[in-house]
Amino acid sequence: MGEQPHDLEANQSLHALHATHLQPIQTLLSRDLQPFCTLIHQTIAGINHEGETNVTSTSSASNLRDIRAGIQLCETEIEAAVTQVQRPIFVVFEDEEQSSFAGIGVVLRVSRQDSHRVQQRSGELVTVFRASRASGVWFSTPTIDSLGAKWKALRRSYEEAEAALVLVLTSAFQSHFHGFLATLVHHIAELDVLVGFALVSHKHKFVKAAVWDPQTADSGQEQRCGLRLLNVFDPFKENAAISTGNSGKASDGLTIQLSYHEGKTFLLLDGDGEAGEPSILKLLGRVVMLNQLGCFVPCQEATPPVFDAIHLRTGAFDQQLYGYSTFMTEMQEMRRIFATMTPASLVLIEDLCRGTSTTEGLALALSMCLHLMETKTMTCFSSQWRELTDQLAQQQATVTPMREGEVRQAQNLPTRTAASFEKLMTDCDLPPDLIDLIRQELQQ
């Protein structure tokens with residue numbers, strides 16, 4: 001039996017993943033990483049073992065070996081000189097528990113008076129006496145001091161040779177391996193993102209979108225393509241029911257459909273917080289963003305276009321630092337959107353012109369929305385302003401979300417009932433007498 005279409009598509013996807021991400025990593029590791037590791041091992045071997053050579057850093061490694069041998073010889077001479085000084089000191093001060101080898105000299109934990117007595121009775125063998133230290137009194141000789149100066153000079157030379165070797169390795173790294181590691185990091189980062197996408201998509205039962213690119217689509221595809229999201233769900237909503245049974249159909253049955261060909265490019269949402277439709281604007285933005293990033297999307301079926309930009313205007317705030325009011329800030333944001341958007345962009349707007357008078361605000365918001373319709377830029381607009389949404393609902397370009405197979409015209413945008421409004425006031429925990437007053441005003 002031949003492979004099923006689903007299995008064939010999965011195998012093709014795995015082959016593409018291996019060819020674009022795994023194979024380049026394997027090639028980099030075998031071609032470039034192994035020589036770099038070999039260089040490090042050869043350098044270490046050249047330092048630790050006499051006769052080992054390294055093409056890149058032979059002289060540096062040889063210099064380190066010579067200096068280290070000189071340090072070891074100097075330390076042996078210092079130890080012999082200190083041992084020679086200890087003998088006459090111990091004749092005078094026989095308590096060996098009070099003495100210790102200080103690297104370059106002998107330290108006695110004695111008083112200053114006893115230290116003078118030790119120096120006087122030790123004769124010419126102890127000719128240098130240093131001041132008291134926290135650990136005791138330090139005795140030395142010119143020979144020990146000379147060897148100590150030689151040892152310190154060798155240590156400085158060794159540190160300089162180490163720095164020179166590090167510079168050689170760094171230069172070799174920059175010239176041969178820096179580009180390789182940068183490419184390797186890039187491939188691993190991409191693979192890490194894809195793994196994250198795969199885990200989230202598998203957990204929440206995302207689907208692969210049938211992406212439509214208007215720049216590459218032929219005329220037949222253009223007739224039937226736009227943005228279509230069937231049974232969208234919010235995977236990040238707490239306690240959200242993601243799917244039912246094996247059909248993968250989202251429980252809320254939310255469908256969003258816009259069309260370039262039919263001129264239906266304006267998605268109108270009721271901004272009533274109780275209805276939850278402001279979250280549809282955010283959900284649409286998440287779906288489009290995930291698709292733009294190359295991830296599967298939380299839908300039963302998705303056919304989004306390739307957007308060149310996503311423009312978002314939401315919230316209400318001022319900018320006191322620049323002297324901008326809330327209304328001026330909104331206008332600045334819309335100015336930037338109008339200046340940079342194209343018909344291939346997606347515009348997401350949560351309410352407009354709430355910071356000015358009703359008449360002027362309604363005229364401005366309606367004009368901006370009509371301009372978005374005329375430019376045929378896909379737009380999702382959410383507003384609680386009933387006068388505005390009623391006028392926008394009459395426009396030919398306006399569509400609304402559909403739920404569970406519902407077919408609804410934009411002109412039939414539902415209005416809030418008095419009962420639902422009273423429930424909203426009750427949920428806001430307003431005083432009962434105030435709610436009664438509101439009810440009376442509504443009845444009038």
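Only the coordinates and a few stated rules stand behind these numbers; no lab work does. What you see is a predicted model; the values in this text were computed from it and never measured. Cβ atoms come from the backbone with ideal geometry, glycine included; neighbour counts cover every protein chain shown.
Quick look at the values:
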item: Built amide H within the under 5 Å cut-off of Lys205, gap 5+; result: none
item: Footprinting exposure proxy for Tyr322, Tyr158 (fewest neighbouring C-beta atoms within 10 Å first); result: Tyr322, Tyr158
item: Of Lys237/Lys282; Lys208/Lys237; Lys203/Lys282; Lys237/Lys376; Lys208/Lys376; Lys205/Lys237, pairs whose Cα-Cα distance is over 23 Å; result: Lys237/Lys376; Lys208/Lys376
item: Under 5 Å, built H, 5+ apart or other chain: amide partners of His311; result: Leu346, Val347, Leu348
item: Neighbour-count order for Phe307, Phe173, Phe206, fewest beta carbons within 10 angstrom listed first; result: Phe173, Phe307, Phe206
item: Residues whose placed amide H lies under 5 Å from that of Tyr324, excluding near-sequence neighbours; result: Gln319
item: Ranked list, fewest to most other Cβ atoms within 10 Å of each Cβ, for Thr379, Thr170, Thr400; result: Thr170, Thr400, Thr379
item: Net charge over other residues, Cβ less than 13 angstrom from the Cβ of Ala397 (K, R count +1; D, E count -1); result: 0
